[in-house]
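Visitor: If you scroll down you'll find the structure; I have some questions about it.
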Amino acid sequence: MKKWISGCFAIILFSTLAQAQTLSFTAIPDQNTARLEQRFGKVAQYLADILKIDVKYIPVKSYSASVNAFKNDQVQLAWFGGLSGVQARRAVAGSQAIAQGEEDQYFVTYLIAHASTGLQRSDAFPKSIAGKTFTFGSKGSTSGRLMPEYYIRQSFDQAPKSIFKRVGFSGDHSKTIALVQSGSYQVGAVNFKVWERELKEGKIDTSQVQVIWKTPTYVDYNWTVRGDVDKKFGKGFTRKLQNALITMHDKTLLDSFPRKQFIKADNSMYAPILETAMNIGIIEK
Amino acid sequence: MLKTSLLFVSIAFILLFAADLEVTTLNPWQELQRMAIGAVVPDFMAVYAVKEAFLNTVVFAFCGIFLSIFMGSVLAFFFEWKPVRLFCAFIRAVHELFWALIFLPVVGLNPLCGVFAIAVPYTGIFAKVYAEIRQESDHSPLKAFPPHSSRVSQFFYGVLPAIYADIKHYSAYRLECALRSSAILGFVGLPTLGFHLETAFREGLYSEVFAILYCFYFLIASLKYWIKEKVSWIYVVLAFVFISKEVSLSWQNFTRFFTYEILPWPMRRRGVLDGTMDVSFSSDSVWNWGKNILQTEGFDGVWNTIVLTQVVLVGTGVMTLIVFPLVCQHFQQGIPRRCSRYLLIVIRTTPEYILAYAFLQLWGPSMLPAIVAIGLHNGAILGHLTGQNADLIQLRADTPRGKINRYFFEVLPRVYGQFLAFLFYRWEVMMRESAILGILGIYTLGFYIDSAISDDKMDKAVFLILMTALLNMVIDTTSQVIRKRLKISTKLTTSG
């Protein structure tokens, strides 16, 4: 039996050494997670063609899994949300945000409400949502959690749990819309991109669910790369990668994110996100 | 026995008022209808698309179970030694999903994470059960040994042959559990069936859900035909070869996690802020850090976990007492009995996590889905076991003719002690499940652990997991005390 075991370990060790130089990337699961591999597989192919290296997409189920994969060097590149990007860059010294979607410069969150609440669209923060049931998106989401929670705390000076009758985390933006539309929750916070896409696709019944407020703009999603990729893939790799991203014009690829196009970004743009996260205690200060 | 039962029933009754049982969805029936349609018209093409997840599920379970049998057997030899006993109690007190969440940042999203998540808690379980089997085995063969024979030969020639059948039986049962565990690991992101089940559930693709579930049942039902003792070695080796393709381990991640990331934040704070990543210690700030977690989240999580556990404990008991006559020969015969037996098998084969997930889709996040899911799953297991025990009873010649009288005046009194022993045996299992279901949005300990992990605060997550383990060990001990005091025993049980 000893032989068997040592054989197994030998195989394990050997295979670790034998790994080729592959750039792995991941993308946070923001909306429907079905067929992620198909969608992002094409992006991997695009990057592989331009960069002339193997590129592999690794699917993840949660924001924290993507951050951990980045920390572990299991992925060297990731399409993060604002918050997960900040968390990841804080944990991996030298890592940089290199690109963002055009829309990410002025991202907003919509508060949406079920028709039965009688809440109407307003410019001022709708204080009458107090006492209703409320759902965020994923716990680690910028647009589904961080920003709405920040504005809710600012308006009420209390934690969401003591403001609402019930607080939930739907898991993703599509689910938030579905839950508020079905009335399972009365109010919800949703990423404006996902809302508008689903509206266009005819998935939203506006007689049941309406936007009642939108947050001021903030920066959101970003492509972040580890600091050690130049050492690994050759000098100037980060710049080449950045170029490959901002020159991505194929609409089928961009629709996976969904963004009109990518533009350059850097770490300093995300300082407000870090501050907000510290402010409400998601990141410790 | 009656006093204890009534005490637990009244506790559960009082806690029921504290529990949040609201159905929050406006139209649960519509969703249920769609689920029913999915159940009738499963989409087996979807299964083909997730064939790799099937393979992963089986492979993780095989590797996990192999490692845990090996480690568990070794630890079983030292089980009389208290530190070993405590260590085993601790590693099995933490649910495999929590272990997966701990291993995820350490080894990354790769097969080793899944294998370890199964192997670690199962090692604790095997060590305990193997040691128990050995203790309760027939010691008479040992008397035939010459006085100075070595302990090794005593074991291999005197003990092992006597207990081998039991060990094999139990290990085979555990393989089934490991497959269930392996499947649900997908819910936290590992590439097993749960990954796709969660996606399909979330998007309401119930035809896919049921196709995957049906194939999973088939897999479990077919185990006994292709897992034969002599060839299981081949499977294990194949499984290890298979995972070795993707495995990568980094010592750096390991040390970073265990010597840095899980340290309480106040110890790391200065280093993070000035960029040196140094560690400093002041007992005051660490104490306040812990106190703050307990006050804001810990106590609330513990309270909700206890409420859920106690309600579920009694709920399971009630369900068991209702269903066991359906599978017992003194009450049912022929086809109805067989049908109820299959139904119980299906329910207990469905992991409680998946049941809870399904009910959550129907009713929204309150304790209700969790109570029903854990109650059903455990009730099916205990109903089956109690039914088996009741089958063994020789009815008295003057047994009541009427089934109701027979149930209350003959069968129930004779199986009640054993039933209670089984129920208390599973008490800590139910607590573990109650805690873990927090990940789905019920405010038990799992909710706060999941939140800490998604905020990337591993220190807090580990602190809360330790608390969960502690609570579990307390319940395990209480259960042992109660069983001893009531002088009830399951004898050797395969319900772990």
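The values are calculated or read from the model by the stated rules, or taken from the named source; none is laboratory data. In this text, all values refer to a predicted model and were calculated from it rather than measured experimentally. Here Cβ is always computed from backbone atoms with ideal geometry, including for glycine, and neighbour counts include all displayed protein chains. The area values use the complete protein model at the heavy-atom level, side chains included, leaving out ligands, DNA and RNA. Shrake-Rupley method; radii C 1.70, N 1.55, O 1.52, S 1.80 Å.
Visitor: Please give the helices (runs of 4 or more DSSP H) falling wholly within the range B:376-484 in which 1 or more residues are closer than 27 Å to B:V327 by Cα and more than 14 Å from chain A (Cβ to nearest Cβ). Lay out the reasoning, then the answer.
Guide: On the way: elements: B:403-406, B:412-425, B:427-436, B:445-454.
Output list reads B:403-406, B:412-425, B:427-436.
Visitor: Determine which member of the set A:S155, A:S170, A:S174, A:S138 is more than 18 Å from A:S62 (Cβ to Cβ), open to solvent by 10 Å² or more (accessible area, probe 1.4 Å) and of a type in the set (G, A, S). Explain how you work it out, then say what you get.
Guide: Values: A:S170 fails: more than 18 Å from A:S62 (Cβ to Cβ); A:S174 fails: more than 18 Å from A:S62 (Cβ to Cβ); A:S138 fails: more than 18 Å from A:S62 (Cβ to Cβ).
That would be A:S155, the only listed residue that is more than 18 Å from A:S62 (Cβ to Cβ), open to solvent by 10 Å² or more (accessible area, probe 1.4 Å) and of a type in the set (G, A, S).
Visitor: In this structure, is B:L219 modelled with pLDDT of 85 or more and surrounded by 12 or more Cβ atoms within 10 Å (Cβ to Cβ)?
Guide: On the way: modelled with pLDDT of 85 or more: yes; surrounded by 12 or more Cβ atoms within 10 Å (Cβ to Cβ): yes.
Yes, satisfied.
Visitor: Follow-up question, since we're still on this one. Please list, ordered by first then second residue, the pairs with beta carbon atoms under 6 Å, 6 or more apart or interchain, first in the range B:191-211 and within 12 Å of chain A (Cβ to nearest Cβ), second open to solvent by 40 Å² or more (accessible area, probe 1.4 Å) and not hydrophobic (A, V, I, L, M, F, W, C).
Guide: Every condition considered, the pairs that remain are B:A200/B:E208; B:E203/A:N32; B:E208/B:D43.
Visitor: So, B:L32, is that one of a type outside the set (S, T, N, Q), in a helix (DSSP H, G or I), touching a residue at least 24 places away in the same chain (Cβ under 8 Å) and not assigned by TED's automatic domain parsing to the domain that holds B:I212 or not? Lay out the reasoning, then the answer.
Guide: Working: of a type outside the set (S, T, N, Q): yes; in a helix (DSSP H, G or I): yes; touching a residue at least 24 places away in the same chain (Cβ under 8 Å): yes; not assigned by TED's automatic domain parsing to the domain that holds B:I212: yes.
It is true that B:L32 is of a type outside the set (S, T, N, Q), in a helix (DSSP H, G or I), touching a residue at least 24 places away in the same chain (Cβ under 8 Å) and not assigned by TED's automatic domain parsing to the domain that holds B:I212.
Visitor: Pick out the one residue from A:A178, A:A244, A:A265 that is out of contact with any strand residue (DSSP E or B) (no Cβ under 8 Å at 6 or more places or on another chain), away from chain B (no Cβ under 14 Å) and among the hydrophobic types (A, V, I, L, M, F, W, C).
Guide: A:A244
Visitor: Can you name the number of the only condition in (1) closer than 25 Å to B:G446 by Cβ; (2) β-branched (V, I, T); (3) open to solvent by less than 50 Å² (accessible area, probe 1.4 Å) that B:V23 fails?
Guide: That leaves (3) as the condition not met.
Visitor: Moving to a separate point now. Between a first residue in the range A:257-283 that is in the same structural domain as A:G41 (by TED's automatic domain parsing) and a second residue that is loosely packed, with under 14 Cβ neighbours inside 10 Å and part of a helix (DSSP H, G or I), which pairs have beta carbons less than 8 Å apart while being 6 or more apart in sequence or on different chains?
Guide: A:R259/A:E102; A:K260/A:E102; A:Q261/A:E102; A:F262/A:E102; A:I263/A:E102
Visitor: Here's another thing I want to ask about it. Among the listed residues A:Y63, A:Y57, A:Y110, which satisfies the condition of being within 18 Å of the chain's Cα centre (by Cα), at pLDDT 95 or above and surrounded by 14 or more Cβ atoms within 10 Å (Cβ to Cβ)?
Guide: Working: A:Y63 fails: at pLDDT 95 or above; A:Y57 fails: at pLDDT 95 or above.
Result: A:Y110 is the single residue among A:Y63, A:Y57, A:Y110 that is within 18 Å of the chain's Cα centre (by Cα), at pLDDT 95 or above and surrounded by 14 or more Cβ atoms within 10 Å (Cβ to Cβ).
Visitor: Restricting the range A:268-285 to residues that are within 14 Å of another protein chain (Cβ to nearest Cβ) and among the polar types (S, T, N, Q), which is farthest from A:A159 (Cα to Cα)?
Guide: A:T276
Visitor: Continuing with this model, one more query. Could you list, in sequence order, the residues of the range B:264-288 that are out of contact with any Phe, Trp or Tyr (no Cβ under 6 Å at 6 or more places or on another chain), under 28 Å from B:I475 (Cα atoms) and open to solvent by less than 70 Å² (accessible area, probe 1.4 Å)?
Guide: Passing the criteria: only B:V286.
Visitor: Related question: Looking only at the range A:184-193, decide whether some residue is assigned to a loop (DSSP other than H, G, I, E, B) and in contact with a helix residue (DSSP H, G or I) (Cβ under 6 Å, 6 or more places away or on another chain). Give the steps one after another, and end with the answer.
Guide: First, the residues of the range A:184-193 that are assigned to a loop (DSSP other than H, G, I, E, B): A:184-186.
Now narrow it down to the ones that are in contact with a helix residue (DSSP H, G or I) (Cβ under 6 Å, 6 or more places away or on another chain): A:185-186.
Among the residues of the range A:184-193, at least one is assigned to a loop (DSSP other than H, G, I, E, B) and in contact with a helix residue (DSSP H, G or I) (Cβ under 6 Å, 6 or more places away or on another chain), which makes the answer yes.
Visitor: If you check A:L146 against the conditions, is it open to solvent by less than 10 Å² (accessible area, probe 1.4 Å) and within 13 Å of chain B (Cβ to nearest Cβ)?
Guide: Values: open to solvent by less than 10 Å² (accessible area, probe 1.4 Å): yes; within 13 Å of chain B (Cβ to nearest Cβ): yes.
When the stated conditions are applied, A:L146 passes them.
Visitor: A further question follows. Residues A:A124, A:A93, A:A78: which one is open to solvent by 40 Å² or more (accessible area, probe 1.4 Å), within 13 Å of chain B (Cβ to nearest Cβ) and outside any helix (DSSP H, G or I)?
Guide: Working: A:A124 fails: within 13 Å of chain B (Cβ to nearest Cβ); A:A78 fails: open to solvent by 40 Å² or more (accessible area, probe 1.4 Å).
Result: A:A93 is the single residue among A:A124, A:A93, A:A78 that is open to solvent by 40 Å² or more (accessible area, probe 1.4 Å), within 13 Å of chain B (Cβ to nearest Cβ) and outside any helix (DSSP H, G or I).
Visitor: Given the conditions (1) within 28 Å of B:T199 (Cα to Cα); (2) modelled with pLDDT of 90 or more; (3) open to solvent by 10 Å² or more (accessible area, probe 1.4 Å), which single one is not true for B:S454?
Guide: Every listed condition holds for B:S454 apart from (2).
Visitor: Out of curiosity, is B:R202 closer than 30 Å to B:I243 by Cβ and open to solvent by 20 Å² or more (accessible area, probe 1.4 Å)?
Guide: On the way: closer than 30 Å to B:I243 by Cβ: yes; open to solvent by 20 Å² or more (accessible area, probe 1.4 Å): yes.
Criteria met by B:R202.
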